[in-house]
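The values are calculated or read from the model by the stated rules, or taken from the named source; none is laboratory data. These figures come from a predicted structure and were not determined experimentally. Every residue, glycine as well, gets a Cβ built from its backbone with ideal geometry; the counts of neighbours run over all protein chains shown.
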Amino acid sequence: MEFTDFGKKLSSHSGILQLMDDIAKPLPEGVVAKPLGGGNPARIEDVEKVYRRELEELLKDGDKFEDVLCHYDSPQGRVGFLKTVATFFKESYGWNITEENVAVTNGSQSAMFYLFNLFSGKTDGEVKTLLFPLMPEYIGYADQGIEDGTFVSVPSKCEYYDDNTFKYTLDGDAVEKYLSKHPEVGAIAVSRPTNPSGNVLRDGEVKRLAELAHEYSIPLIIDNAYGLPFPDIVFTEDAKPIWNEDIVLSMSLSKIGLPSIRTGIVIARKEVIKALGNINAIAALATGSMGPVLADNLIRTGELVRLASGKVRPFYQKKAKRMEELVRKYFEGTKYYLHKIEGSIFCWLYLPGLKISTLEFYALLMKDGVVTVPGEYFFFGSEEQKKGLAYPHPHYTKCLRLNYSGNDELIEEGINIIAKYYKKYSIS
Ligand SMILES: Cc1ncc(COP(=O)(O)O)c(C=O)c1O
């Protein structure tokens, strides 16, 4: 038995596989997990109550529940839900869209897989690439290209502040220069808020990317899994929901309470939506119906957005503030920088004094039950890596991604242990 190149690439070890495995893997006996690793969102009671209410309504409504369970939706998604989404965004933000501009996918992870391979790979004798303009980027993208070497990237710029914080910014000139020299780029892709750093691209930065996308006639794919208007895990004012015909906007219901139901929503030009539906028919037949059924009313009435800004955002903002306080408390006296926590459910810790790689550091922490994600996995798409060298960014082996949405005491224990190990493994 032999796997194809496609089979080998997609079945080999990947950062995202390790991360998802770590979420579920039991630790050695007696070791209590301090789960600061994968992207599991928190349980928020006010959100849970609303889904329970919607489900109870469905169960009470004749045989509607059985009807939902017993039919496939269309490959593009549940027809009524597509209309609900289009109407909501048209009325709330003035976007010129109809249901033909909306698709549902089985989670936004699979939406990105479809989109990335729609726009990168072999095309008419040349190889199209996908440009990530703000490295570091989401670990879950790194291995999604079916063909090897189709992902390229531009490292972010970085600003450091006196209070042990830092922030990545878009190097717009470098992106522009790259595009001018590389006509093979088939699309640009960013997450906003950025996973792993918690950065939020400002409206001006998105506008610049969208203008470049327009100039080069390629789409700008924005992964809005933590973004606006839901789940609204965004703590800065200078960010608004943005869409135009140059943008492919990917959203998700995962971080607003429904990760297990796997519902992604894509808003894009009609031809992109048609293509996504067609791919979905081949890859998955249809999309799951339960997410659209539970969320339809909530989107139509605006309740989901109110839930996001009134409950979800404040919940994570409080958690983020506490995380920052813990990092300051336990890392005091060490050389560290914390990325400004502007959104998402993660913080990104830069440890310049670390004398081992974060891959090694992660393994040591794991023995004490502290689950983190090593930074190396979030840097991909460089020419240097193809030659077996490190990604050309000073943070490459020096950052950890920490999920702050879990249990407060376990988070504190975890941070305490990470700081102790950092002191032990720092260049003095
Ligand atoms: C930036 C980003 N995009 C996409 C996803 C995928 O989410 P889902 O497939 O659950 O919608 C995640 C999950 O953590 C993420 O962090």
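Okay, residues lined up against (1) buried (at least 21 other Cβ atoms within 10 Å of the Cβ); (2) out of contact with any strand residue (DSSP E or B) (no Cβ under 9 Å at 6 or more places or on another chain); (3) free of Cβ contacts under 8 Å to residues at least 24 places away in the same chain:
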| residue | (1), (2), (3) |
| --- | --- |
| Lys181 | no, yes, yes |
| Glu184 | no, no, no |
| Ala210 | no, no, no |
| Pro219 | yes, no, no |
| Glu245 | no, yes, no |
Exercise. Of the conditions (1) touching a helix residue (DSSP H, G or I) at 6+ places or on another chain (Cβ under 6 Å); (2) surrounded by 20 or more Cβ atoms within 10 Å (Cβ to Cβ), Thr194 fails just one. Which one is it?
Worked result: (1)
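Answer with yes or no whether Lys49 is of a type in the set (D, E, K, R), within 22 Å of Asp223 (Cβ to Cβ) and either out of contact with any Ser or Thr (no Cβ under 8 Å at 6 or more places or on another chain) or more than 16 Å from the ligand (Cβ to nearest atom) (or both). Working first, answer last.
On the way: of a type in the set (D, E, K, R): yes; within 22 Å of Asp223 (Cβ to Cβ): no; either out of contact with any Ser or Thr (no Cβ under 8 Å at 6 or more places or on another chain) or more than 16 Å from the ligand (Cβ to nearest atom) (or both): yes.
Here the answer is no, as Lys49 does not meet what is asked.
Listed here are the residues, each with its yes/no results for (1) in contact with a Lys or Arg (Cβ under 9 Å, 6 or more places away or on another chain); (2) among the basic types (Lys, Arg).
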residue	(1), (2)
Gly125	no, no
Lys128	yes, yes
Tyr138	no, no
Glu147	yes, no
Val152	no, no
Cys158	yes, no
Tyr168	yes, no
For this session: Identify the single condition in (1) buried (at least 20 other Cβ atoms within 10 Å of the Cβ); (2) more than 16 Å from the ligand (Cβ to nearest atom); (3) in contact (Cβ under 8 Å) with a residue 24 or more places away in the chain that Leu27 does not satisfy, given that it satisfies every other one.
Result: (1)
For this session: Output the residues belonging to region 229-238 that are at pLDDT 95 or above and either more than 14 Å from the ligand (Cβ to nearest atom) or outside any loop (DSSP other than H, G, I, E, B) (or both).
Result: Pro229, Asp232, Val234, Phe235, Thr236
Problem set entry | Residue identified as surrounded by 14 or more Cβ atoms within 10 Å (Cβ to Cβ), within 27 Å of the chain's Cα centre (by Cα), more than 16 Å from the ligand (Cβ to nearest atom) and closer than 30 Å to Pro183 by Cα among Phe113, Phe132, Phe88, Phe119 | Phe119
Seminar exercise, completed: Residue hits (region 187-197; within 11 Å of the ligand (Cβ to nearest atom) and either in contact with a Lys or Arg (Cβ under 7 Å, 6 or more places away or on another chain) or not in a loop (DSSP other than H, G, I, E, B) (or both)) are Ala189, Val190, Ser191, Pro196
Seminar exercise, completed: Of (1) away from the ligand (no atom under 16 Å from the Cβ); (2) in contact (Cβ under 8 Å) with a residue 40 or more places away in the chain, Glu271 satisfies every one except (2)
Problem set entry | The lone exception for Glu376 - which of (1) closer than 24 Å to Phe132 by Cα; (2) modelled with pLDDT of 95 or more; (3) not in a helix (DSSP H, G or I) it fails | (3)
For this session: Being more than 7 Å from the ligand (Cβ to nearest atom) and either surrounded by fewer than 24 Cβ atoms within 10 Å (Cβ to Cβ) or under 15 Å from Pro193 (Cα atoms) (or both) is the filter here, so list the residues in region 258-268 that pass it.
Result: Leu258, Ser260, Ile261, Ile267
